[in-house]
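Undergrad: Quick one: structure below, then a few questions.
Values quoted throughout were computed directly from the atomic coordinates according to the rules given, and no laboratory measurement underlies them. Predicted model, so just to flag it, every value in this text is computed and none were measured. Here the Cβ is made from the backbone with ideal geometry for all residues, glycine too, and neighbour counts use every protein chain on show.
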Amino acid sequence: MKSKKYIKQFVYLLSFALVMIGCEYHPPDPPPVENQPPVITGLNDLSLPLNFGTHEMDFANYVSDQEREIITYLVSNSNDTVITISLDNTVLTITEVGTGPSDINVFATDGHEGHEVETTFTVTVEGIWGAADYTGNVTVGFLDFNGFGEGHIYDNPIPGLTVEGWDYDWDSPVPDVKLANNDHLVITNEVDRQWFWIDYRLDGDYDFTGKKLRFDYSYFIAPALTGTHWDEDEDLAAVDIRLWYVNTGWSTGGAIYFSSLGLEYSTDWQEVSIPLEDFGSLWEMPVDPSQIRYIGLEIWGGTSSAPISFRLDNFGIVD
Ligand SMILES: [Ca+2]
Ligand SMILES: [Ca+2]
């Protein structure tokens, strides 16, 4: 019996011990919380259109910190001929200067040693560039406008190219014809003006029989073209543009109106190509592509509120 009691006591003790062990069980401790550096996500390369002015971005939307500590930033910009930058707390302001790419480098830290994180993203200010260079055979009567500078045509003269303009009173500002990005023309009516005349003078008559007048255009806007001329048709509301050519003596010449060409607005460059034989008569003169001295554009109509405006490249006579 004695042994039985021992066994009983042992079972009790064992149960008690098991209960004690159960009470003393704890899950493993979590690892100690370590302060983490900030994390930058989503600061991707950025494309901004020409004339964007300023663009703001708040780093608070891109940078997080586990402890939600105050983050301080240091920014730098690789090309201040493209953009300048300024930082106000977490807000970065990008200001337009020119076109092209510039890298923005961002350092962020929560203030703890070794917690500086860094990223770089590229901001590209997209210019409107000229049409791809024409690869066909061109004649002396062809202009790609490459290498003639940037800005008003009067400050960047192109040999042989004359630009004139008047209103009906023959007394208004000179036309707004500018070279853009050193490779194409921008023709815009920014004031109320009724008449532009652009001619390209060659050094003599050329036989361009069988050839074409071609150009690339983009961003074309205009009031509805009337197919009439303010002087020849005595239509003071006339709006149109014509391509024309004449010989040295101004005794032969062809013309074709934009209103017959169906130009449309597009940010992409589009091509127009017209056989010189298909031109109609200019001023009732015989059409003769075998003797051409001048080629050009005449533009009439358009006001500041309803301008004629378009970009022009690769203009002239080609095979
Ligand atoms: Ca932290
Ligand atoms: Ca060009």
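Undergrad: To the nearest 500 deg cm²/dmol, what mean residue ellipticity at 222 nm is calculated for the chain from DSSP H runs of n ≥ 4 alone, each contributing -39,500 (n - 2.57), summed and divided by the residues?
TA: The helix-only estimate for the chain comes to -2500 deg cm²/dmol at 222 nm.
Undergrad: Shifting gears a bit: Compute the FRET efficiency between residue 265 and residue 121 as 1/(1 + (r/R0)^6), taking r as their Cβ-Cβ distance and R0 = 41 Å, and round to the nearest 0.05.
TA: 0.80
Undergrad: Let me ask something else. To the nearest 0.05, what FRET efficiency results for residue 237 and residue 284 with a Förster distance of 22 Å applied to their C-beta separation?
TA: The calculated FRET efficiency here is 0.45.
Undergrad: OK, next. Rounded, prolate or oblate, given the Cα gyration tensor of the chain, with a/c below 1.5 counting as rounded?
TA: On the way: a/c = 4.28, a/b = 3.67, b/c = 1.17.
Prolate shape, in that a/c is at least 1.5 and a/b is the bigger ratio.
Undergrad: Here's a follow-up. What percent do you get for the relative contact order of the range 39-125 when only Cα pairs under 8 Å and 6+ apart count?
TA: Rounded, it is 36 percent for the range 39-125.
Undergrad: Taking neighbour counts of Cβ atoms within 10 Å as a proxy for exposure, in what order, fewest first, do 70, 317 appear?
TA: Least crowded to most crowded, the residues run 70, 317.
Undergrad: What percent do you get for the relative contact order of the chain when only Cα pairs under 8 Å and 6+ apart count?
TA: 17 percent
Undergrad: Say each of residue 306 and residue 132 gets a label point 7 Å from the Cα, pointing the same way as Cα to Cβ; how far apart are those two points in nm?
TA: Each label point is offset 7 Å from its Cα along the Cβ direction, giving 3.7 nm.
Undergrad: Gain in length, residue 209 to residue 39, computed as 0.36 nm per residue apart minus the alpha-carbon separation, to one decimal in nm?
TA: Difference between extended and current length: 54.3 nm.
Undergrad: Right, another one. Classify the range 191-292 as rounded, prolate or oblate, taking a ≥ b ≥ c as the square roots of the eigenvalues of its Cα gyration tensor: rounded when a/c is under 1.5, otherwise prolate if a/b is larger than b/c and oblate if not.
TA: Verdict is oblate for the range 191-292.
Undergrad: Shape of the range 211-255 from its Cα gyration tensor (a ≥ b ≥ c, root eigenvalues): rounded if a/c is under 1.5, otherwise prolate when a/b > b/c, or oblate?
TA: Oblate, because a/c is 1.5 or more while a/b does not exceed b/c.
Undergrad: Sticking with this one: Quick check: the angle from helix 2-24's long axis to the longest principal axis of the chain, C-alpha only, nearest 10 degrees?
TA: With both axes taken from Cα atoms, the answer is about 30 degrees.
Undergrad: How far apart, in nanometres, would the label points at residue 81 and residue 155 be if each is projected 7 angstrom from Cα along the Cα-to-Cβ direction?
TA: Roughly 1.6 nm, to one decimal.
Undergrad: Sticking with this structure for a sec: For the peptides 140-151, 53-64, what is the packing order when you average, over each peptide's residues, the other Cβ atoms within 10 Å and list the highest mean first?
TA: Listed from highest to lowest mean packing, they are 140-151, 53-64.
Undergrad: Let me ask something else about it. Determine, for each peptide in 293-306, 110-123, 202-215, the mean count of other beta carbons within 10 angstrom over its residues, then list the peptides with the highest first.
TA: Values: 293-306: 19.4, 110-123: 14.1, 202-215: 17.4.
The densest-packed peptide leads the list: 293-306, 202-215, 110-123.
Undergrad: Further question on the same structure: Just to verify a number: FRET efficiency for residue 274 and residue 67, C-beta to C-beta distance, R0 = 51 Å, to 0.05?
TA: For residue 274 and residue 67, the calculated efficiency is 0.15.
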